[in-house]
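Scroll down for the structure; my scribbles are underneath it.
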Amino acid sequence: MSSTALEAPIPPNKGGLSATLMIIAPLLLLAICFMSKFGLIEVPQGARGLVIAGLLISLFITGMPISIALGLSVLTFMFTMTDVPIVAVSLKLFTGIEKFEIMSIPFFILAGNFLTQGGVAKRMIHFATTLIGHWYGGLGLAGVVSCALFAAISGSSVATVVAIGSILLPAMVAQGYPKRFGAGVIATSGALGILFPPSINLVIYAVATSGMSVVGPDGRHVNSASIGELFIAGIVPGICLAILLGAMTYYQARKNDLPRLPRASWGERGRAFFDSFWGLFLIVIVIGGIYAGLFTPTEAAAMAAVYAFIVAVFVYKDLKLRDVPAVLLRSAAMSSMILYIVTNAVLFSFLMVSEHIPQGMAEWMSSQGFGIVSFLLMCNLILLAAGNVMDPSAIVLIFAPILFPVAARLGVNPVHFGIMMSVNMEIGLCHPPVGLNLYVASGIAKMGISELTIAVMPWLLTMLAFLMVVTYWPGLSTFLPHLLGM
């Protein structure tokens, strides 16, 4: 997760008609809301959803930070077009963020920051290099494996790109790899952090959909997916995507005859494994602890933060005690930004439900003959389009409460739907104009966004093909949770 989560999704266009329209559009929609408040015009019930959606999108386009645009549009709509009392608003704000699961977000962020600063990444890279460095594009393949391993202990895609890319990209260039190749591998493989547990985005999806009263096609109540179920469900798709990205890396390397490293001995591999063991053991603590019932996902996050601190400071000793306050401060800043978005998204979800927008969408789709296939395709198009202008956490918080009830009504498994949304978020991180991984990788590789966009294209197309597999093969996501009796 990145501090850019609150930054403007699109920089405002300074000139001409487009700049004028960006200013006029939100003002016009605000005027419609206030004229409705004072009885000057009457907005039909069916058009209210379009008003709030238009206001939200128009505020995004002006360059306003996501959380502020979300809160402003929701509050304006509530106080001008609804009779919701302010007491209910304040109560919803309080109850919306008092969920125990939300506490896991700052703990996982803190654990990821300790590991990023604590020398875990370079040990994982060394371990991966000893395993497959002698293959075609060995350093690139080591990058994919390292990103998968680091993603499985940090839960953050941007942290993965920073930690792995800052070490591996200069090494790849020094070994004679094209800069485009290295940047493409790291920018896309870093996105695995959204899918592998402990993914912060999976936590946000669970929080955004928990407590919703939704029914399935048979009229029975459908429970939202728990954090533990989503963590376990992300393992198999995460491994599959890592294999596919590795296969594309190998194909590109073999086609272009890229360098290979000398084969490492088994003794070197063993030493590299034991050197990286303390970092890898965090995966066992989080996933094993949750499945064994030793602690809840939130408690696992707290354990992960304490364990990461001990490993970084006292085991590897790459992080000095005097640097710990800076890590704590950076983690607190990132956590507060996410929670600020969560707070405003809670209001947005409350408004959607009070206006019966998800229920209306479900009824309309049923009347139009929409089935699961067409609905999931539409969801992918919406989420991929949103990924062009929004941060993944904001996308999940806004769209999950809207789409989840419709998905449940059509019979889509909540766990499957959460994993599908996560794969969409992975792709959104890797394409312009707001792909955070692209911006981080471009800063490390000293490349322009346009050049990097071309560089990531083979891996991005691979991810799009995998999205179709995840979308229409629910068993890939639900197999492991069902096998473990979850």
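Expressed in nm to one decimal, what extension gain is obtained for the pair Y251 and K37 from 0.36 nm per residue of sequence separation less their Cα-Cα distance? Result for the pair: 70.9 nm of gain on full extension.
For the chain, the tally of Lys pairs with Cα-Cα distances below 19 Å comes to 4, considering only residues 8 or more apart or on different chains. In order along segment 175-191, the phi-based Karplus estimate (6.51 cos²θ - 1.76 cosθ + 1.60, θ = phi - 60°) of 3J(HN,Hα) comes to 7, x, 6, x, 4, 4, 4, x, 5, x, 5, 5, 4, 7, 5, x, 5 Hz; Gly and Pro are listed as x. The mean of 1/r over all pairs of different alpha-carbon atoms in the chain, once inverted, gives a Kirkwood hydrodynamic radius of 23.3 Å. The modelled label-to-label distance for the pair T20/I243, using points 7 Å beyond Cα in the direction of Cβ, is 5.8 nm.
Residues whose amide H comes within less than 5 Å of that of V222, counting only those at least five positions distant or on another chain, are V214, V215, G216 (H built at 1.01 Å from N in the peptide plane). By definition, a body whose alpha carbon gyration tensor gives a ≥ b ≥ c is prolate when a/c is 1.5 or more and a/b is larger than b/c, and segment 124-212 fits this prolate description.
Amide H contacts of W473 (H built 1.01 Å from N, in plane; Pro and chain starts excluded): no residue 5 or more places away or on another chain comes under 5 Å. Listed from fewest to most Cβ neighbours within 10 Å, the set E451, E42, E229 follows the order E42, E451, E229. What's the angle, to the nearest 10 degrees (0 to 90), between helix 266-283's Cα axis and the longest principal axis of the chain? The answer is roughly 30 degrees. The alpha carbon convex hull volume per residue for segment 197-265 rounds to 152 Å³.
Coordinate-derived values only; no laboratory data. Everything numeric here is computed off the predicted structure, so don't read it as measured data. Neighbour counts are summed over all protein chains in view; Cβ atoms, including those assigned to glycine, are modelled from backbone coordinates with ideal geometry.
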